[in-house]
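Below is one structure, written out as structure tokens; the observations come after it.
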Amino acid sequence: VISTARPLLPRLLAGLDASGDPMTLADHERVHGPMPSIGAEELVDAVEHSGLRGRGGADFPTAVKLRSVAASRRRPTLIVNGSETEPASAKDRLLLSRLPHLVLDGAVLVASTIGAREVLVHLGERAITSHAGLAGALAVRDDRVPVGVVAGPEGYVTGEETAVIAHLNGSAPVPTFVPPRPYERGYRGRPTLVQNPETLAQIALVARRGPIWYRELGTEADPGSVLMTVSGAVREPGVYELAFGSSLASLLGAAGGPTEPLRALLIGGYFGTWVDAERITGIRLARRELQSVGCSLGAGVLIALGESACGLHESVRIFSYLAAASAGQCGPCVYGLEAISDELMRVADGAATRDSLERIRRWSGDVRGRGACHHPDGAVRFLDSALRVFAEEIADHHRSRCRAASASLPFGRATAGVRR
Amino acid sequence: MSDVLRVNPITCEGHGLCAELLPELIRLDDWGYPIIDQPDVPPGLERLARRAADACPTLALLLERRERAADRR
């Protein structure tokens, strides 16, 4: 038997060379084939059968979103949310700067599927290579739908979808009180579909090759491939495409392996959860397995923390970053996260009082669910895992001063520069 | 069909009137912002809940019908 099997991976990253340049339209079509012609119903069905879920962190079934916006009476708008304000994520920038045609194919296909008159790509103003990649690609394309690119301010919460829409509507780039949700009333009051660039890139592949092909990779519950940004104590930090169901060990291996014995992994980004390194063997990139250890992939982020670093100190730095990143609109988020952050610093400095931890836990419970967006929830979820996984370190800091070096985790700009 | 209490956290400025008028359902956190542990307004408290919502200086306390609130999950 002659094997005709082509390698199953990479899919999204197929044809990506070491040049650093955006893939040309000719190369893009050579790798993936021309833009398919596919009807609206057919595309939604294909996406549904593929089992694709949104890759921006919310993990929502994409077909459900497509259907609900397509069914709206008013003409919707498609927004490609390429803000990627999670400091430890780089996959959307990789797609937009190097593989813009893949994202644009998906965007144009989705736009015609839902009957959108225009597509807006929202990017951070400092994502220079993404802007360049998109501009170059748009200059040579001939799409039926106009595609605009809008630069937004950097800052953790400015990428939240209601904040993106607020910015596009000419307001301050901060989350708004929902409902109405964007799919009901978003950009210029119209129903608005907000999609992550990776989700659209995956749709571009599903439209070409169909759901059966899509499911050749991954598991029954988590089909397909996923882009993961790996950073921290690994030899080759970067963006890697893996099949769902791959082990965390193989993901670390793809990133060149750890540079030292690992203490813990932060899965899902700064809203994510720490997992003790002892528990990672055997955990796979699959929703249910990650949930069983209290994790979700978020936007596909993994940070490896080596034993030489101090998990408590790193967690305090991340938490104070999140506290500073509050949009400044909701009292419990502004004052609560700040108070928790101050108390945590006392713990890390060995200056905690007997009830510091109890106070932190009580405040964490108090701020959960009390913002207009999920910023406080994400911050305290992260903190819960830190207190659990680094319990030993916390006890040690009571006794002696910590001398661990900084782990140099990636940090973006925290604040959106809004009131308060 | 019971009513449901909800706070718009963006407009809430922590005046705290609601907790004074409706301590049965609303308490304040350490920074003076309302916490609603049980959003369903039990029978007998509807009028007090309405009064608390009306008294909020920023109209941040919302009293909504059950079925509408269920939509918003």
* Asked: How many residues are of a type in the set (Gly, Ala, Ser) and more than 15 Å from A:Leu251 (Cα to Cα) when one looks only at the range A:279-293?
  -> 1
* **Criterion: surrounded by 14 or more Cβ atoms within 10 Å (Cβ to Cβ), modelled with pLDDT under 95, of a type outside the set (Asp, Glu) and not in a helix (DSSP H, G or I) - qualifying residue of A:Ala58, A:Ala5, A:Ala18, A:Ala14** => A:Ala58
* If you take the residues in the range B:27-51 that are among the hydrophobic types (A, V, I, L, M, F, W, C), closer than 21 Å to A:Gln329 by Cα and more than 9 Å from the chain's Cα centre (by Cα), which one is farthest from the other protein chains (Cβ to nearest Cβ)? -> B:Leu28
* To do: Tell me the helices (runs of 4 or more DSSP H) entirely within the range A:242-354 that contain at least 2 residues that are within 27 Å of A:Glu160 (Cα to Cα) and modelled with pLDDT of 95 or more.
  => A:311-324, A:337-348
* Among the residues of the range A:347-381, count how many are in contact with a helix residue (DSSP H, G or I) (Cβ under 6 Å, 6 or more places away or on another chain) and within 19 Å of A:Arg401 (Cα to Cα). => 5
* Number of positions in the range A:240-261 that are in contact with a Ser or Thr (Cβ under 7 Å, 6 or more places away or on another chain) and closer than 27 Å to A:His49 by Cβ -> 5
* To do: Please go through the range B:2-32 and pick out each residue that is basic (Lys, Arg) and free of Cβ contacts under 8 Å to residues at least 60 places away in the same chain.
  => B:Arg27
* **Odd one out for A:Tyr156, checked against (1) within 14 Å of another protein chain (Cβ to nearest Cβ); (2) crowded, with 24+ Cβ neighbours inside 10 Å; (3) in contact with a Ser or Thr (Cβ under 6 Å, 6 or more places away or on another chain)** => (1)
* Asked: Of these, A:Arg73, A:Arg30, which one is charged (D, E, K, R) and not in a helix (DSSP H, G or I)?
  -> A:Arg73
* Asked: Just checking, which of A:Gly294, A:Gly298, A:Gly350, A:Gly328 is touching a residue at least 40 places away in the same chain (Cβ under 8 Å), within 22 Å of A:Ala221 (Cα to Cα) and surrounded by fewer than 24 Cβ atoms within 10 Å (Cβ to Cβ)?
  -> A:Gly294
* Which is within 22 Å of A:Met228 (Cα to Cα) and out of contact with any strand residue (DSSP E or B) (no Cβ under 9 Å at 6 or more places or on another chain), of A:Leu312, A:Leu344, A:Leu297, A:Leu322? -> A:Leu322
* Structure fact -> Of A:Tyr156, A:Tyr187, the only residue that is of a type outside the set (D, E, K, R) and within 30 Å of A:Asp222 (Cβ to Cβ) is A:Tyr156
* How about the range B:1-10: which of its residues are within 14 Å of chain A (Cβ to nearest Cβ) and in contact with an Asp or Glu (Cβ under 9 Å, 6 or more places away or on another chain)? -> B:Val4, B:Leu5, B:Arg6
* Asked: Which residues, taken from the range B:11-26, are within 10 Å of another protein chain (Cβ to nearest Cβ) and surrounded by fewer than 20 Cβ atoms within 10 Å (Cβ to Cβ)?
  -> B:Thr11, B:Glu13, B:Gly14
* Asked: Which of (1) under 23 Å from the mean Cα position of the chain (by Cα); (2) facing chain B (nearest Cβ under 10 Å) is the odd one out, the single condition A:Gly365 does not satisfy?
  -> (1)
* Structure fact -> Going through (1) loosely packed, with under 14 Cβ neighbours inside 10 Å; (2) more than 17 Å from A:Glu216 (Cα to Cα); (3) free of Cβ contacts under 8 Å to residues at least 12 places away in the same chain one by one, A:Gly33 fails only at (3)
* Structure fact -> Counting only residues that are surrounded by fewer than 17 Cβ atoms within 10 Å (Cβ to Cβ) and either among the hydrophobic types (A, V, I, L, M, F, W, C) or within 21 Å of the chain's Cα centre (by Cα) (or both), the range A:232-244 contains a total of 2
* Asked: Can A:Leu25 be described as of a type outside the set (Phe, Trp, Tyr), buried (at least 21 other Cβ atoms within 10 Å of the Cβ) and touching a helix residue (DSSP H, G or I) at 6+ places or on another chain (Cβ under 8 Å)?
  -> no
* Asked: How many residues are under 30 Å from A:Ala372 (Cα atoms), within 22 Å of the chain's Cα centre (by Cα) and surrounded by fewer than 22 Cβ atoms within 10 Å (Cβ to Cβ) if we restrict to the range A:188-231?
  -> 0
* Structure fact -> Scanning the range A:159-182 residue by residue, those in contact (Cβ under 8 Å) with a residue 40 or more places away in the chain and either among the acidic types (Asp, Glu) or within 13 Å of chain B (Cβ to nearest Cβ) (or both) turn out to be A:Glu160, A:Glu161, A:Thr162, A:Ala163, A:Ala172, A:Val174, A:Pro175, A:Thr176, A:Phe177, A:Val178
* Asked: Mind checking whether some residue in the range A:135-144 is more than 22 Å from A:Leu109 (Cβ to Cβ), modelled with pLDDT of 95 or more and outside any helix (DSSP H, G or I)?
  -> no
* **Residue in the range A:329-361 that is farthest from A:Cys373 (Cα to Cα), counting only those that are within 14 Å of another protein chain (Cβ to nearest Cβ) and of a type in the set (D, E, K, R)** => A:Asp355
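The values are calculated or read from the model by the stated rules, or taken from the named source; none is laboratory data. Source: prediction; values computed, not measured. Glycine gets a Cβ as well: all are built from the backbone with ideal geometry, and neighbour counts include every protein chain shown.
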